[in-house]
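Shown next, in structure tokens, is the structure this report addresses.
The values are calculated or read from the model by the stated rules, or taken from the named source; none is laboratory data. Since the model is a prediction, treat every value here as computed from it, not as a measurement. All Cβ positions, even for glycine, are placed from backbone atoms using ideal geometry, and neighbour counts span all protein chains on display. What goes into the accessible areas is simple: the full protein's heavy atoms, side chains included, and nothing from ligands, DNA or RNA. Shrake-Rupley method; radii C 1.70, N 1.55, O 1.52, S 1.80 Å.
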Amino acid sequence: MKSITLQRTVEVRCWRVIGQVAKAAKRAELTPVLLRARERGETDAGDVAGHLLFESSSRRVVAQRLLQIAELYGLLEQRDRRYRLTEAGETALATKQVFVPEHGTWTVWASDDPLLGAPILRVEPWVEPTAYDEVWGKERDNARERPFEKLPRWVRGAVGVVATPLVGGAPLRIDQLEADGEVADPETTLRATWDVTGARLRVDGTLGGARVNAAVDRPEISADAVWMQLLQAEGLWSQWDASARALRVSFDEASAGERESLVRAVSFRRPDIASLGAFDATTVEGVALRARSAQDATRWAAWRLRARVRDYATTERFSAWTAEAVVPFSEFHPSTPTRQALADAAWRARTDRPTPNAWHLVAAEDWRL
């Protein structure tokens, strides 16, 4: 079976909302301070100035400022002017990244599509229009059309979670959002393409006008589990033989091309995967076919044998054609017609002008080739 690929449009919503967002940055000047706090268990301005800045008196103010910045970022916590490393500080040392918080008004793009795992897709600063713009300038046409609404629970639930946005690349963490946000046009066209068999997921399109072509974490579900659900949705699960990795079909259900190739392209009109939702219609190529019963196998093998008579059916050729015709149905040990039986049937069915198939059989039988 070839790859299973599922696709759908990603629905995105957008708000302008006041809050605090922390973006990942490299703050090399804070690393020695954090290391000192971890080494000593706790530290203070005098200790940092003496051991890191090499002057405990004149550089005490600089040391205190570094400690206060680290505390502001949540990397250190203070008690009685002594500073201890926090869990966020440990993470910063491990990742060599510090999340720098900034308070302001933000444009937030988000999606509750379970395929993506994390709802926050992009966060950008937004500047409020001036009173002049709202009355006379470029914003005047939108001034009376600024709808506000409460942010959905799935957006509020993303507060405190580190996410890597589709645009921008650097990880960020939303520390706080006000309850209400102004609804904005997302200006977005995103498509998710999930290569189920290859365990890859990509998102492509535009987000807020910016180009997106990103690999994201794929869902933690096996290709076999997805295949089972696809078959169940189409009513084909009872026909699937897991041991043979093939679909059991009757001889009459198979087209001429399928009888020869023993594969089928199976179409799924509306794939629906539990906990992940519905996807666009798709087709899985190369699904193996096997006979449903011994009777089907016998008819199928005979059909394949007749289809191979394209030259004089010498004893050697006919034996090879017979072996080739029955191989896919060996579990049923199907019988096949002899060369004489096929020749007699072909001769009885002849018209004024015998077909090449009939001639190849009859001639070989009459001449004992």
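Here are a few things to note about the model shown:
- Probe 1.4 Å, protein heavy atoms only - accessible area per residue of the chain in square angstrom: 56
- A Cβ-based charge dipole, computed about the Cα centre of the chain with Lys and Arg at +1 and Asp and Glu at -1, lands at about 940 debye.
- Among [x] 59, 52, 44; [y] 76, 47, 40; [z] 115, 59, 31, the entry derived from the coordinates for Cα extents along the principal axes in Å: [z]
- Put simply, the convex hull of the Cα atoms in segment 269-334 casts, on average, a shadow of 6.9 nm².
- Extending 7 Å from Cα along the Cβ direction at LYS2 and again at ASP224 yields two label points whose distance is 2.4 nm.
- Percent accessible area from carbon and sulfur atoms, the chain, protein chains only, probe 1.4 Å: 49
- With Cα atoms, 0 to 90° folded angle of helix 223-233 axis to the chain main axis: 70
- Candidate aspartates and glutamates for bridging to LYS150, where Cα separation is under 14 Å - those fewer than 8 sequence places away on the same chain excluded: GLU178, ASP180, GLU182
- 3J(HN,Hα) along segment 183-196, derived from phi through the Karplus expression 6.51 cos²θ - 1.76 cosθ + 1.60 where θ = phi - 60°, amounts to 5, 10, 6, x, 6, 9, 9, 10, 10, 9, 10, 10, 7, 5 Hz, with x in place of Gly and Pro.
- Max mean-square fluctuation residue, GNM over the chain, Cα-Cα springs under 10 Å, options GLU234, GLU102, GLU220: GLU220
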